[in-house]
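Engineer: Take a look at the following structure, please.
The values are calculated or read from the model by the stated rules, or taken from the named source; none is laboratory data. Quick caveat, the model's predicted, so the values are computed rather than measured. Note: ideal-geometry Cβ built from the backbone for every residue, glycine included; neighbour counts use all protein chains shown. The protein model used for the area step is the full one, side chains on, heavy atoms only, and it has no ligands, DNA or RNA in it. Shrake-Rupley method; radii C 1.70, N 1.55, O 1.52, S 1.80 Å.
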Amino acid sequence: MWDKTTHDRVELNSSVRYLRGVGERRAEALARLGVLTIEDILLFFPRRYEDRRRLTPLDELRPGESVCAVAEVLALAIPEGPAPASALLSDGRAAVRAVWFNPHIGRVLKPGVRVALFGRVEYYNGIQLSNPEFEVLTDQPPQLVGRIIPIYPAAASLSQKRIQSLVDDVFKTYGDRLVDVLPAKIRKKYGMKGFREAVHELHHPSDARSWVKARNRLAFDELFLLQAGLLLRRASASAQRSVRSLSTGKHFEQFMKSLPFPLTRAQTRAIEEILEAMRGMRAMNRLLQGDVGSGKTLVALAAVLAAVDSGAQAVLMAPTGILAQQHYMTLHRLLAPLGICVGLLTGSLRAEERRTLLADLQAGELQVLVGTHAVFAEKVSFADLGLVVVDEQHRFGVLQKNALIAKGTAPHVLVMTATPIPRTLVLSVYGDLDVSVLDELPPGRKPVRTLSMKPEEEGALLTLIRTRVCLGQQVYWVCPLIEDSEEGRADLSSVSSCCERLAKLLPGVRIEMLHGRLPMEEKIAAMRRFAEGEIDLLVATAVIEVGMDVPNATLMVIEDAGQFGLAQLHQLRGRVGRGEAESLCVLLEGQETTPEGRERIEAMLHLSDGFALAEADLKQRGPGEVCGVRQHGVTDFRVANLMRDHKILDLARREAQSLLREDPALDTEPLFRAALMRRLGKTLQLAGTA
Ligand code: ADP
Ligand code: MG
């Protein structure tokens, strides 16, 4: 199929264009399926299989079934005009009719010819096979029946048959170039199939047990590679830098004594775990998971105080300007009385202020910095960065955080999230993180009642708003605008027109708006006025998703709720239910809510626990999307499934740990190391390790 010279030059990572029979159009169709190279074809696995091993005798055909059969053509009828062509077939036990809408079948089907057939049995004036696929039998084994047929992900312009034969041909020619990089020790220990054999088994399974073995072997490969990559990253990070042990002192003691409420048990436990890790000689790398309102800020503050007490600096990073602002105000209020200097760095800072701030930071006069992405900028340098806290991690990419970590000699890192990430995901995506959990809300919190309303029920909703406002309570109204971080592209006119419309419908109610495009001072002013009760109804975009903490707000209205993601809806709902009064969240359906949107609304109506919602989210969107790492491809597995492969993941992690313990530079496994660098080196920033 390929001439010798081409064949020798082609490598596994050569473009599919090198293959004979793959022109520009086919290459494009393949690219849409994510298949770019020859290796991609070899590892392009079936979506499902059709078991065509069993042949059905013609006297056992039942309408509605898909069957395989082998029979001889007794007679043919090819009418003129639109009626279908038909053949009478017999296998010696019964005779049955098959019909095709293709008049050309007479060219291949002749009386006396033996054929293999695969198709659907229907009842239409008797039993018949409707439009079956067929293959004229020769002395070769049939392709169509008698085996398990792989069915590949479809592409409009590439027929299933084409893909099947392409995969088979490529495997015949290039299959022997697939190299097994998995350490032989591990392969032997678990009696795994060889790599090439496993790949072949996925394309052409011999039986169910053998297929499962092959599939698990390949899933193990993927998870093992990722785990080893993450462990390597962790090792190289702590090897390059000296770690600073941080411990609490007088500021911390003083602060804890001044707290107006007792810590929850979960907070106490998390703080102990974090402080213990920060005292250690290895850089802390810890995830703090806690549902919305569980009091993560306070836990972070304890860590910040440990840094300050040890003479180091701390930075707290937030995904939006508004949240950064809110954190800044909280930290400033709590820390200034202790004589601790706190600064705020966002993209909207004026040049002059920015210069002063950066100078103070570099001189070490500023002990605590709060900021947005702006803290990533190259010009930002610290005198002695000891702790990095990343709030609402779900809004950042995992890898972005590395840029900040590189700024300290060996800062301890605490990332916080309200999106409870299932353990399998934490292990596979973050791999190198320890976890603390706040599984308890401060006492006195009442669950938020949630209901959905149709746009035509607006009258009732307006009454609800008036009632709440009369009681002296406050209301959020969220407009469905996609807005990412503070530089978001909000359609301002629709926020303001929504605001105007509500002002007309609700005379006497004090309404203001808040969105990402407002100048920082105006955002701050609006937030302050709302916090101080000078505004009754705040019309906002999802910028308020994180950070707003106003206990007197008891009603959250989310317009066209189906447009938001589950994590986002959960966060938004978490803005209410923070005080004594019973709170309510109204999910307004849009004019055209998609089925997925509808599903998310349903999930919100039934689930209040963030963990259950995260699981639902994971099912809908997949793990990469949920963790914000999709674009990095870390979780784009071909075979492994994070939702199901818990056991394999644990095994892969244990084996990766033991391999790297014995051979930290992977010197004994050069093939595996090369594969690791090729696949993950760049994403995990492992340069220099190779
Ligand atoms: P989140 O985990 O969502 O970031 P916050 O840290 O914003 O939660 O805390 C939510 C609210 O709960 C804040 O108003 C905070 O002051 C309050 N809070 C935190 N811890 C406690 C506690 N132990 N007892 C009572 N209120 C608390
Ligand atoms: Mg928070």
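Engineer: Taking all protein chains in place and a 1.4 Å probe, what share, in percent, of the accessible surface of the chain do carbon and sulfur account for?
Structural biologist: For the chain, the apolar C and S fraction of the accessible surface comes to 52 percent.
Engineer: Projected onto the charge dipole of the chain (+1 at Lys/Arg Cβ, -1 at Asp/Glu Cβ, origin at the Cα centre), which of Gly194, Val543, Ser294 gives the Cα projection farthest towards the positive end?
Structural biologist: The listed residue farthest towards the positive side: Gly194.
Engineer: Moving on. For the ranges 36-44, 602-610, what's the packing order if you count other beta-carbon atoms within 10 Å of each residue, average per peptide, and put the highest first?
Structural biologist: 36-44, 602-610
Engineer: Could I ask something else about it? Among the lysines, select those whose C-alpha is under 24 Å from the C-alpha of Lys446, and discard any that sit fewer than 8 residues away in the same chain.
Structural biologist: Lys446 reaches Lys296.
Engineer: When Rg is the radius of gyration of the Cα atoms in the stretch 248-402 and Rh is its Kirkwood radius, what does Rg/Rh come to?
Structural biologist: Numbers: Rg = 14.9 Å, Rh = 15.9 Å.
Expressed as Rg/Rh, it is 0.94.
Engineer: Are there any chymotrypsin sites (Phe, Trp or Tyr not before Pro) in the stretch 79-183 that are in a DSSP loop and have at most 16 other Cβ atoms within 10 Å? List them by number.
Structural biologist: Passing sites in the stretch 79-183 are Phe101, Tyr124.
Engineer: State the Cα centre-to-centre distance between the stretch 574-619 and the stretch 227-293 in whole Å.
Structural biologist: Going from one Cα centre to the other spans 32 Å.
Engineer: Give the relative contact order (percent, whole number) for the stretch 449-607; include only Cα pairs under 8 Å separated by 6+ residues.
Structural biologist: Dividing the mean separation by the residue count of the stretch 449-607 yields 31 percent.
Engineer: Which loop GluC sites (Glu not before Pro) in the stretch 343-386, with loop taken from DSSP, have no more than 15 other Cβ atoms within 10 angstrom of their Cβ?
Structural biologist: Glu365, Glu378
Engineer: Give me the one-decimal Kirkwood hydrodynamic radius in Å for the stretch 449-607, with the sum taken over alpha-carbon pairs.
Structural biologist: Over the stretch 449-607, the inverse of the mean reciprocal pair distance is 15.6 Å.
Engineer: DSSP loop (so not H, G, I, E, B), at most 13 other Cβ within 10 Å: list which trypsin sites (Lys or Arg not before Pro) in the stretch 1-108 pass both filters.
Structural biologist: Sparse-neighbourhood loop trypsin sites (Lys or Arg not before Pro): Arg20, Arg47, Arg53, Arg54, Arg93.
Engineer: Let me ask something else about it. What FRET efficiency comes out for Gln591 versus Glu65 if R0 is 56 angstrom and r is the Cβ-Cβ distance? Round to the nearest 0.05.
Structural biologist: 0.80
Engineer: Given an 8 Å cut-off on Cα distances and at least 6 residues of separation, report the relative contact order of the chain as a percent. Can you show the working numbers first?
Structural biologist: On the way: 1222 pairs, mean separation 84.8, N = 690.
Computed value for the chain: 12 percent relative contact order.
Engineer: What are the radius of gyration and Dmax of the stretch 143-283, computed over its Cα atoms and given in Å?
Structural biologist: For the stretch 143-283, the Cα-based Rg and Dmax read 26.7, 79 Å.
Engineer: Run through all the Cα pairs of the chain and give the fraction in each 10 Å bin from 0, expressed as whole percent.
Structural biologist: Reading upward from the zero bin: 3, 12, 19, 19, 17, 13, 9, 5, 2, 0.
Engineer: Could you report the stretch 54-146's accessible area per residue, 1.4 Å probe, as an integer in Å²?
Structural biologist: 56
Engineer: Using only Cα atoms, figure out Rg for the stretch 54-146 and give it as a multiple of 2.2 N^0.38 Å. Mind dumping the intermediate values first?
Structural biologist: Numbers: Rg = 12.3 Å, N = 93, 2.2 N^0.38 = 12.3 Å.
Rg over 2.2 N^0.38 Å, computed on Cα atoms: 1.00.
Engineer: Checking the cross-link filter: which lysines have an alpha carbon closer than 27 Å to that of Lys188, excluding same-chain neighbours under 8 positions apart?
Structural biologist: List returned: Lys172, Lys213, Lys647.
Engineer: With no solvent and one equal point scatterer per Cα, compute the Debye intensity ratio I(q)/I(0) for the stretch 237-326 at 0.25 Å⁻¹ and report its log10, rounded to two decimals.
Structural biologist: Taking Cα atoms of the stretch 237-326 as identical point scatterers yields -1.43.
Engineer: Residues of the stretch 449-607: accessible area per residue at 1.4 Å, in Å²?
Structural biologist: 42
Engineer: Oh, and also: Take every DSSP beta bridge whose two residues both sit in the chain, then give the antiparallel share in percent to the nearest 5.
Structural biologist: Around 40 percent of the beta bridges assigned by DSSP in the chain are antiparallel ones.
Engineer: At a Cα cut-off below 14 Å, give the aspartates and glutamates reachable from Lys504, other chains included and same-chain residues fewer than 8 away excluded.
Structural biologist: Glu458, Glu512
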